[in-house]
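Notes follow once the structure below has been shown.
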Amino acid sequence: MPEPTDTSTMASSLLDAWLKSTTDFWSGTVPPFPAAGSGKDQEAARDTATASSGDQPSQDENGRNKNGPAGNSRDSKTSGMADGLSFWNTDWSSGAQAWQSIFSGPKLPDSPIPGFPETGSFQETLAKMTGPVFSAVNTMIGEWMQQSGTAGGGTGKFNFDSLDKDALAIWKTIYDNAFRKFLKAPQLGLMREHQERVARFFDRFTLLETALAEFLGVLSIPFKQSFDDFQKKLTELAATGKAPTEPNDYYKIWLRILEGHYMTLFQSPGYIQTLAKTLAASAAYTRAKKELISDVLGQWSIPSSNAMDALYQELHVLKKRMKQIEKQLTSNGDDR
Amino acid sequence: MDKTGFPVDLILSKLAENTIGAQSRVRQASEIMTGPLEAEIAQTPYEIVHQEDRVKLKYYAPEKQPADRVKTPLLIIYALINRETMLDLQPGRSVTKSFLDRGMDVYMIDWGYPAEQDKFLTIDDHVNGYIDDMVNVIRRRHQAEQINIMGICMGGTMSVIYAALHPDKVKNLITTVTPSHFDTDKGLLHVWMKAVNADDLVDAYGNIPGDFMNFGFLLLNPARLMLDKYVGFMEHADNKEFVENFLRMEKWIFDSPDVPGETFRQFIKDCYQGNLLIQNKMEVGGKRVDLKNITMPVLNIYGKFDHLVPPEACEKLTRQVGSEDTEDVCLETGHIGIYVSSKTQKEFVPKIVKWLKEREPDTASAPTKNPDQP
């Protein structure tokens, strides 16, 4: 077993690395705004900036910068803006350095209180503040991953000898036990309503796919049975010497058997239940899809189907009332 | 016959023959399928005489007017599922044309394609709204107190409701493959619909998509409708006339408008699940539909092999209505065959026309051009 890493130490070193790379990165953005004018300060600023980035601004054969409008540094028309940029350069450079020194500043004095942990440097403090949050998130993700890893744990009770029948049941169990709860997990914060709609859409879509697969599976049963019965029928015909000589007759025998099996299936309670479930899943998916689409349309101020429905209903009622009034006006309903 | 009991040699030699035949068939089929095909449907000329929203009233004028013709105009009310073009599918097998050839004035409601804004339309809106308005237009055009109504399938159910609520406007009622008694387990649709949560579907979808309904109809007999039908097509794909007729039927079958949600909801709950109509308990537009109000003559035609609306769902109607002049006719065919099979073409329209003639008064007149002027 590897030694557990101290969260605060790890976070502290990560924070150091992040601060350094961030400061270097932002310092690196200074060169595209080279020093303007002829003053010493500007020259110094440009030196500082280029030194920190290790780059030279790109210039053309006339010595003009190619990287942007500020490249025309000698142009009198743009000198005002260039002055502003040089000031920004200087300011940025010193600012970046200041941040670096703050973050790598001396440690604060040790805690005078026995047993109370020493405060340490700023990054240690920050690491301690953020550490528990990172840790909690880490733990939660770990748990989720672990549960996802055991997603197939429910398959043991199924018999893989009849995989075609069991495959769907296995998938349903896996989805219900392992995945669905994540889609049903409560969403938090400003976007929770939208997130819930998206989650509901994916959930209903998966349930519809599952229901359709089950429905199609049921529809395929007569095919399998018809082949078995066809085999038996042929054996019977062969035994009695009545086997047809026309190839097409064999097709007709099989078709009649198939038709018979479908008629039996379609009146069975199992089929009717599966049909009802599939229709319900289809309706649930359609509702979830409409909700999601309405949500998206709402962002662009496009009327949703709910809004249009309300309008259609109003029109419907108005037309009906108008017709009634019309009929009343035409000689007590005798409108001939 | 070999030791397995199968005439293997014979089967193999026939298969070889078939293979040679199939090669030539495929070549010819390819030429037919890529060549010009006449597969248009609904070719009989008509005129739109009234329109309300998306719903149109088509008028088919007879070319000849024999002296003994049925002068009272006939309104055909089709179902909200699929389209009325089925009655005019192909030359030589057109119910519409057969009526016209006998000198009848034929009107037909074209329900169009319901859109999102139609989802709140109820059975009341269809029966007391559109149908009643169309009936009034026809009455005005012909200066007639009453007209003849022929309903088809769900359109027949709506015709029954209309006739019960407006008996004074209906001279004769003809119901064809019309479900009125829904509490039966003879048809799969009747079995399945009891398990359907109509509220759930309508709340989710609004209108019920036509493709959704069509898939349900295909499932009623997948072996025949999704497999054997296309095997049959491949076997006859080298016959141009067969291909054209097959394509016409395909065009009609998969031309499926959506069903307005609220109408679907009420039809499933009140009819398929509650079986309220035949018990005189159904309410439409705040009024109870009492079948005893149907005092006009009723001709009830249905198919013996109808898997969608079995005879058990149709035959009770004539016993429940108030009329004493009723007749049931069970034809040896299925739900669609009743209108399109060449065999029933010889029975279906002639029977209706004969029945109507026997009840024809000499009061109706030819249509006037402006229906708004009495």
Compute the Cα gyration tensor for the range A:174-248, then decide on rounded, prolate or oblate, letting a ≥ b ≥ c be the square roots of its eigenvalues: rounded whenever a/c is under 1.5, prolate when a/b is larger than b/c in the other cases, and oblate in all that remain. prolate
Could you list, in their original order, any pairs among A:K242/B:K240; A:K233/B:K229; B:K58/B:K229; B:K56/B:K287; A:K323/B:K71 whose Cα atoms are separated by more than 28 Å? A:K242/B:K240; B:K58/B:K229; A:K323/B:K71
Work out the mean other chain Cβ neighbour count within 10 Å for the residues of A:239-250 and drop it here as an integer. 4
Taking all pairs of distinct Cα atoms, average 1/r, flip it, and tell me the Kirkwood hydrodynamic radius of chain B in Å to one decimal place. 22.1 Å
So, in Å, what gap is there between the alpha-carbon centers of the range B:223-256 and the range B:19-76? 16 Å
Among B:P257, B:P66, B:P209, which one shows the highest mean-square fluctuation when chain B is modelled as a Gaussian network with alpha-carbon springs under 10 Å? B:P66
In degrees, nearest 10, the alpha-carbon axis of helix B:348-357 is tilted away from the dominant principal axis of the alpha carbons of chain B by 20 degrees
Would you mind checking which residues have amide H under 5 Å from B:K171's amide H? H placed 1.01 Å from N; only 5 or more apart, or other chain. B:I147, B:N148, B:I149
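Which pairs, out of B:K64/B:K343; B:K97/B:K343; A:K277/B:K269; B:K64/B:K351; B:K97/B:K169; A:K289/B:K119, put more than 22 Å between their alpha-carbon atoms?
Flagged as over cut-off: B:K64/B:K343; B:K97/B:K169.
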Quick check on the range A:199-336: take the gyration tensor over C-alpha atoms, sort the square-rooted eigenvalues as a ≥ b ≥ c, and tell me if it's rounded (a/c under 1.5), prolate or oblate. oblate
When B:F242, B:F182 are ordered from fewest to most other Cβ atoms inside 10 Å of their Cβ, what list results? B:F242, B:F182
Cβ-Cβ FRET estimate between B:E332 and A:I174, R0 fixed at 51 Å, reported to 0.05: 0.40
At most 15 other C-beta atoms within 10 Å and a DSSP loop state: those are the exposed GluC sites (Glu not before Pro) I care about. Give me the longest piece of chain B that has none. B:146-314
Exposure-ranked with fewest Cβ neighbours within 10 Å first, B:L331, B:L15 stand as B:L15, B:L331
Give me a comma-separated list of calculated 3J(HN,Hα) values for the range B:62-68, in order, Karplus coefficients 6.51, -1.76, 1.60 applied at θ = phi - 60°, integers in Hz, x for any Gly or Pro. x, 6, 10, 10, x, 4, 9
Rounded to 10°, Cα long-axis angle of helix B:8-34 versus longest principal axis of chain B: 50 degrees
Determine, for B:S13, B:S342, A:S294, A:S301, the number of other Cβ atoms within 10 Å of each Cβ, and report the residues in order from fewest to most. A:S301, B:S342, B:S13, A:S294
Taking R0 as 25 Å, what's the FRET efficiency between A:I293 and A:L190 from their Cβ-Cβ distance, rounded to 0.05? 0.75
For the Cα atoms of chain B, what angle does the longest principal axis make with the long axis of helix B:132-142, in degrees from 0 to 90, nearest 10? 80 degrees
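Throughout, read-outs are computed from the coordinates displayed, never taken from laboratory work. Since this is a predicted model, take the numbers as computed values, not measurements. When we count neighbours, we look across all protein chains shown, and the Cβ atoms used for this are built from the backbone with ideal geometry, even at glycine.
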